[in-house]
Structure formats: C-alpha cells, structure tokens
Amino acid sequence: MHLARFKRFAIAAALLAAAGAWAQFDPAQVHPEPPPVHARFAAPAVKFDTPAFEPGQIDFTRHEQMMARLQALVGRPSVHLEIVGESGQGRALPLVLLARGGRWQADKPTLMLVAHQHGNEPAPGEAILVLLERWSAPEYADLLRRVNVVALPRANPDGAALFQRSTAVGDIDMNRDHLLLRTPEARAVARVAARYRPQVVLDMHEFTAGERWVTRFGAWTKYDVLLQAATTGNLDAGVYAAGMDDFLPAIRRAVQAEGLSDFWYHTTTAKPDAPVAMGGVQPDTWRNIGGLHNAVSILHETRGYGIGKQNLARRVEAHVVAAQALLEQVAKDGPALVALARRADRAVAAQACKGRVVVAAQQTPERRELTLIDAQTGEDRSVPVDWRSALRLQVTRERARPCGYWLAASEGAAVRTLRLLGVQVKPMSSVRPVSVERYDFKSVEAGQRQDGRGAIQDQGGIVKAQVALQAQRRRLPAGGWYVSLAQPLAGLVTAALEPDSQSSYVAARLIAVPRPGEPDRLLRVMQPVR
Ligand SMILES: [Zn+2]
C-alpha cells in the first residue's frame with residue numbers, strides 16, 4: 001500500500017464528509033418488496049459480518065471501512081494489497097492479489113473479480129470482502145498454490161459513496177468505458193487485466209428487482225441470479241465454449257445447490273413496447289472486453305437494485321457461492337486453462353490478414369415467456385415478451401480482416417489508449433509502398449450508442465459514419481504507428497479502429513474524421529509489414 005496516497009485520500013475524504021458532499025445510500029429512496037413478494041426470498045442460514053451487516057449501520061460498507069478491512073488482511077501469507085489508481089474524486093482503487101506468498105505465479109491460472117462498477121449495486125462489494133477473508137485463511141493456502149486471484153473490490157468508489165450508478169466525475173457509466181478508457185476507474189481495470197492476463201473474469205453486479213417491471217407488468221423479478229458470458233463479435237470459439245459449457249454450468253450448479261434460482265441476464269426499460277434484452281453485444285462492457293482479452297468472461301448479477309438492504313444476506317450469499325464455484329473450477333482446470341488461453345492467444349494472432357472480421361452485430365429477436373412474481377399474490381406469473389437474444393449474434397457488417405492498421409503521427413491519444421489496453425503498437429518508419437485500404441467517409445452524422453433495449457445515455461453521443469473502402473498502394477509517411485493484428489488482443493484492435501463500429505475511437509471522436517482534402521489518419525494495412 002502506498003501510504004502517501006492513502007493519506008492524501010484520507011484527507012480528501014475527510015474534507016468531502018465535512019462539506020456534506022457524501023450523499024450516500026438513502027433508505028427513504030428504497031422501494032421495498034410487498035410482503036407476498038418478499039416472502040419468496042428467505043434469508044440464508046449463513047451470517048455475514050461486513051460493516052453493512054453491523055447493527056446500527058444504515059449505509060452499506062463505506063470506503064474507509066472497506067480499506068480498513070483490506071488493511072487487516074495484509075500480513076496474511078497469500079495477500080498482496082496494492083493501490084492501482086485513484087478515482088475521479090481521488091479515492092484509492094485497491095487491488096488485492098491472493099496467491100502463494102502473495103506473488104503472482106505466471107504459470108498458474110488467474111481469476112479476476114471486479115465488483116461495484118455501478119455504485120448503487122452494493123452486494124458484490126460486500127461479497128468480495130467475505131471472499132477475501134475466506135480465501136486468505138490458512139485452509140486455502142494449498143489451493144492458492146494452483147491459482148492466482150486478483151480482485152478489485154470497489155471499481156467505482158465515488159459512485160459507491162454517492163450511491164449512484166455512474167462515476168462522480170464526468171457522470172460516465174464506467175461499464176461502457178472499457179474500450180475508450182475515459183475514466184481513471186476503467187483505466188485501472190485495464191491496467192490490471194493487461195498486467196495479469198486473467199484466464200477467467202467475473203464482473204459482479206445487481207439488477208432491478210421491481211421498479212420498471214412493476215410499471216410494465218405489475219410484477220417483480222423472480223430470479224436470484226442472472227448470468228451471461230461475453231457475447232460480442234470476434235471472440236475466440238474455444239474460450240467461448242469453455243465459458244458456456246464449463247464455467248456457466250459450474251456457477252448454476254452451485255447457485256441451485258444453495259436453493260437459489262438463476263436465468264440468463266436480461267433487462268428492459270419502463271416503455272410499454274420496449275423489448276426485454278439480454279446483455280449487450282457491443283465491445284464496450286467489461287464482460288465483452290474481458291472476452292476479447294481471450295478470457296472466459298462472466299457477468300453475474302443478483303436481484304438487489306432498488307430494494308436497499310432487503311434480502312442483502314441472500315444477495316451476498318449468491319455472489320459468494322458463484323465466485324467460490326469459479327475459483328474451484330479454475331483450480332480444477334489448472335494447467336489446461338492456461339493452455340486454453342495461450343492457444344486462444346495464438347489462434348487470434350494467426351488470423352491476421354485472413355478471413356473476415358465482424359464490425360457490427362446485433363441481438364436476435366425472439367418471442368419468449370418470462371416468469372415474474374405477481375406483485376399482489378406473490379405467485380409466479382408468465383408473461384410473453386419480445387426477447388433479444390445475445391446467444392445468437394446477427395452480424396450486420398463485416399469485412400476482410402486486415403493485417404493491421406496504420407495510424408498517423410497525430411493519433412497519439414489513440415495509441416496511448418490502445419497501449420493501456422495491453423495492445424502492442426509500434427512506431428513505423430517509412431517502408432516500401434504497401435497495399436492499404438483507405439476509408440472513404442460517405443456520410444458522418446451525430447448519433448447515440450445503442451444496446452438491445454435502446455439508446456445508451458452518453459455524454460456527447462457518437463459519430464455515426466458510413467464508409468467505403470478504397471484499395472491503394474502507398475508509401476506510408478514517417479512518424480506514424482503500426483498496430484498489427486498478429487497479436488493476442490487483435491479483437492480489441494478491430495473494435496477500436498474499424499470506424500463504423502459504434503464503440504470505435506472514430507465514433508467517440510478520439511480519432512477525428514478527416515475533412516475533405518485532409519490527409520488520412522487511419523488506414524487498413526492489407527499485407528504483412530515489419
Ligand atoms: Zn451494474
């Protein structure tokens with residue numbers, strides 16, 4: 001732990017508290033379950049002792065309480081605590097590494113847990129404290145010879161302090177920021193992923209229990225747990241299959257053995273005709289970006305948003321059980337899992353210059369019966385819904401996969417962002433003329449990012465471009481950069497650099513669309529170059 005940073009944080013926190021700037025969790029804002037619904041969710045036998053459960057504490061575990069809990073683990077043989085960044089308001093972003101001797105073992109698989117990206121979804125943060133306490137105890141010493149765990153217990157501490165979804169600075173949904181890295185919070189997640197290259201990642205959230213479901217259907221959600229693996233274009237098929245066939249079933253079995261229920265992750269809006277959509281298929285959420293890191297990447301959500309501390313022990317238990325199942329599966333697979341990820345890294349890199357790359361995809365419309373809990377009777381009620389499945393991707397735009405991309409010398413911001421993601425970018429000196437494809441921007445208009453249920457609330461929106469490709473032979477000017485696709489993170493590269501993907505750096509204005517007559521800033525390189 002960097003003590004100076006911690007002191008600076010403590011001073012900033014004290015000043016904020018003195019100024020009354022800490023809105024925190026407000027029990028008056030809770031919409032409690034009506035008794036017939038609440039009766040469906042019995043408390044588990046297990047008791048938890050994180051600060052949120054202490055009698056008299058109205059709030060969930062506060063930042064300084066979490067930091068004190070983490071500090072108390074330092075000194076246990078497997079624990080290494082580190083501050084990997086600062087939030088927009090200057091709060092520490094702690095990372096806990098659990099491994100033999102507190103040292104990351106490069107030849108062992110790594111499980112990465114990320115909690116509390118959304119500050120008003122508190123159960124994951126409580127669960128991680130429970131898990132770190134448990135896994136750093138002597139009984140787990142043997143298991144931690146075979147596995148590394150890296151945990152970000154509170155990815156968005158400002159949001160948690162304010163009990164709000166977004167970051168405090170910039171009001172950004174950090175879970176849509178994992179390709180652009182505008183927030184220091186998402187940059188910290190990226191640094192950890194690039195450094196430890198986890199084979200399995202778990203993104204821990206909570207979903208809405210009532211609210212829009214009550215408005216739309218007069219009913220509450222039924223399932224304790226909603227799950228989804230990475231679902232986006234250009235994923236490695238072997239890693240995807242491991243997630244669907246091994247890791248998701250392992251979580252489901254563990255959750256069900258605990259008497260909890262589960263289903264595919266889905267969400268909707270309060271609009272009467274809005275579809276019920278599974279989690280998005282765009283390369284911007286941590287779930288999908290984790291998949292493009294060639295990790296088995298799983299979203300795990302508990303039924304807890306909007307109901308305050310109702311069912312809190314049950315929600316925490318669900319996260320604990322799911323993470324425990326993952327840890328055991330990672331330990332069981334051990335070297336095979338490391339080999340699977342290395343094979344995926346090689347397979348992705350070997351696709352450079354070959355085949356086709358997905359630029360845009362969408363969910364598949366289906367009709368489905370969804371089971372909810374009737375608000376009046378507390379009985380199950382089935383409602384027909386327009387369902388958007390992320391399990392079958394509809395590719396709406398694809399093109400030949402280039403060997404790599406050339407970026408003009410002016411594009412330092414894009415280069416820095418790619419490097420933060422762990423992508424290799426090389427300075428490129430002038431070479432012989434090479435085959436390239438330039439983007440001819442046919443139309444450029446302002447728009448909004450979309451996901452399965454509608455437009456994403458974004459500050460400033462995006463640039464929606466329509467492009468045509470023009471094949472040329474060109475000598476590339478000196479001072480530019482080359483981003484080869486012959487690397488493991490090639491899926492992140494195409495997501496960032498194909499300009500007509502809604503998550504791209506052009507869409508986000510990180511790379512400007514050249515005006516007529518201006519030189520190109522970005523080219524597809526269609527032959528191998530050094
Ligand atoms: Zn969330």
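Heavy-atom accessible area per residue, segment 29-350, 1.4 Å probe: how many Å²?
On the way: 10360 Å² over 322 residues.
So segment 29-350 comes to 32 Å² accessible per residue, rounded to a whole number.
For the ranges 259-265, 215-221, what's the packing order if you count other beta-carbon atoms within 10 Å of each residue, average per peptide, and put the highest first? Write out the running numbers ahead of the final one.
On the way: 259-265: 18.0, 215-221: 19.6.
Packing order, densest peptide first, comes out as 215-221, 259-265.
Using label points projected 7 Å from each Cα along Cα→Cβ, tell me how many nm separate T371 and R145, to one decimal.
Going by the 7 Å Cα→Cβ label model, 4.4 nm.
For the charge dipole of the chain, defined by +1 on Lys and Arg C-beta atoms and -1 on Asp and Glu C-beta atoms about the Cα centroid, which residue among M278, H205, Y240 has the Cα displaced farthest towards the positive pole?
Y240
Roughly how much of E317 is accessible, in Å² to the nearest 10, using a 1.4 Å probe?
E317 exposes around 20 Å² with every protein chain in place.
Using amide H atoms built in the peptide plane, which far-off residues or other-chain residues are under 5 Å from N234 H to H?
V358
Quantify, in whole percent, the carbon and sulfur part of the accessible surface of segment 29-350 (1.4 Å probe; protein heavy atoms only).
Roughly 54 percent, rounded to a whole number.
May I ask you to order 509-517, 206-214 by the average number of other C-beta atoms within 10 Å around their residues, highest value first? Walk me through the intermediate numbers first.
Values: 509-517: 13.0, 206-214: 20.8.
Top to bottom by mean Cβ count within 10 Å: 206-214, 509-517.
Please give me the summed charge of the neighbours of R524: other residues whose Cβ is under 10 Å from its Cβ, Lys and Arg +1, Asp and Glu -1. Kindly include the intermediate steps, with their values, before the conclusion.
Working: positive: R399, R401, R438; negative: E437, E498.
Neighbour charge sum, excluding R524 itself: +1.
Which one, L179, L227, V192, projects farthest toward the positive side of the charge dipole computed for segment 176-258 from Cβ point charges (K/R +1, D/E -1)?
Toward the positive end, the furthest listed residue is L179.
Between A237 and L391, what is 0.36 nm times their sequence separation minus the Cα-Cα distance? Round to one decimal in nm. The partial results should precede the final answer.
Numbers: separation 154, 0.36 × 154 = 55.44 nm, distance 1.31 nm.
Extra length from A237 to L391 when fully extended: 54.1 nm.
At 222 nm, what helix-only mean residue ellipticity would the chain give, in deg cm²/dmol to the nearest 500, using -39500 (n - 2.57) for each DSSP H run of four or more?
Values: 13 runs with 148 residues, N = 530.
Computed ellipticity for the chain at 222 nm equals -8500 deg cm²/dmol.
Write down the percent of antiparallel bridges among all DSSP beta bridges whose residues are both part of the chain, to the nearest 5.
Working: 63 of 88 bridges.
For the chain, the DSSP antiparallel bridge percentage is about 70.
Take the Cβ-Cβ distance between E445 and K271 as r, set R0 to 22 Å, and report the resulting FRET efficiency rounded to the nearest 0.05.
Numbers: r = 24 Å, r/R0 = 1.10.
According to the calculation, E is roughly 0.35.
Please give the net charge around N120, taking every other residue with its beta carbon less than 11 angstrom from that of N120, where Lys and Arg add +1 and Asp and Glu add -1. Numbers along the way, then the final one.
Numbers: positive: R165; negative: D26, E121, E206.
Local charge sum for N120: -2.
About the Cα centre of the chain, how large is the charge dipole given +1 on each Lys and Arg Cβ and -1 on each Asp and Glu Cβ? Please answer in debye to the nearest 20.
Values: 65 positive and 52 negative charges, 457 e Å.
About 2200 debye.
Going by average Cβ density within 10 Å per residue, which order do the peptides 334-347, 295-308 take, highest to lowest?
The packing order, highest mean first, is 295-308, 334-347.
Please report, as a whole percent, how much of the solvent-accessible surface of segment 403-525 comes from carbon and sulfur atoms (probe radius 1.4 Å).
Working: 2600 of 5240 Å².
Exposed carbon and sulfur together represent 50 percent of the surface.
Under the 0.36 nm per residue contour assumption, what length would be gained going from the current alpha-carbon distance of Q105 and R40 to full extension?
Values: separation 65, 0.36 × 65 = 23.40 nm, distance 4.38 nm.
Full extension of this stretch gives 19.0 nm more.
Length gain on complete extension for the stretch A72 to R474, per 0.36 nm per residue less the alpha carbon to alpha carbon distance?
On the way: separation 402, 0.36 × 402 = 144.72 nm, distance 6.02 nm.
Between A72 and R474, full extension yields 138.7 nm more.
Can you give me the long-range amide H partners of S297? Hydrogens built in the peptide plane at 1.01 Å from N, cutoff under 5 Å, separation of 5 or more residues or another chain.
So S297 has HN proximity to V201, A230.
Please report, largest first and rounded to whole Å, the three semi-axes of the ellipsoid equivalent to segment 29-350, where each semi-axis is the square root of five times an eigenvalue of the C-alpha gyration tensor. Please list the in-between numbers first.
Numbers: eigenvalues 156, 106, 80 Å².
Output for segment 29-350: semi-axes of 28, 23, 20 Å.
The values are calculated or read from the model by the stated rules, or taken from the named source; none is laboratory data. Everything numeric in this text was worked out from a predicted model, so none of it was measured. Using ideal geometry, Cβ is built from the backbone for each residue, glycine included, and neighbour counts are taken over all protein chains shown. Protein only, heavy atoms only, side chains kept; ligands, DNA and RNA dropped before computing areas. Shrake-Rupley method; radii C 1.70, N 1.55, O 1.52, S 1.80 Å.
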